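What follows is a single structure, written as structure tokens, with notes after it.
No value in this document is a laboratory result; all are computed from the given coordinates. These figures come from a predicted structure and were not determined experimentally. Quick reminder, even Gly has a Cβ in these numbers, built from the backbone with ideal geometry, and neighbours come from all protein chains shown.
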């Protein structure tokens, strides 16, 4: 696995952590959760930006977003009990297939 892909995937995971903080902020309405979520978002975007040195910007951005959505789907199901629909699962399978095609 090359460094560009690692940066994109790491950025996607970091962005997912930021999304979790934002969801907690919505549920608990505590401002510190919002601030931490924003800081984590910025770190995720920094990782994405560094990946542009190694990957095409369109490919890196697409992999970043799809990986973030995939991890969010899993986390929202496990942590928040939000069950994915069959259409969402099918969409994620298409997203994974597109990442594989882009990386080949």
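Some notes on this structure:
- All distinct Cα pairs of the chain go into the 1/r average, and the inverse of that average, the Kirkwood radius, is 14.3 Å.
- Inter-label distance for residue 28 and residue 100, nm, one decimal - labels placed 7 Å from Cα along Cα-to-Cβ: 3.9
- Based on DSSP H segments of at least four residues, each scored -39500 (n - 2.57), the chain has a per-residue ellipticity at 222 nm of -29000 deg cm²/dmol.
- Here the contact order of the chain, divided by its residue count and restricted to Cα pairs under 8 Å and six or more residues apart, works out to 32 percent.
- Full-stretch length increase - residue 6, residue 56 - with 0.36 nm per residue and alpha-carbon distance subtracted: 16.6 nm
- Helix axis angle, 86-103 relative to the chain longest principal axis, alpha carbon, degrees: 40
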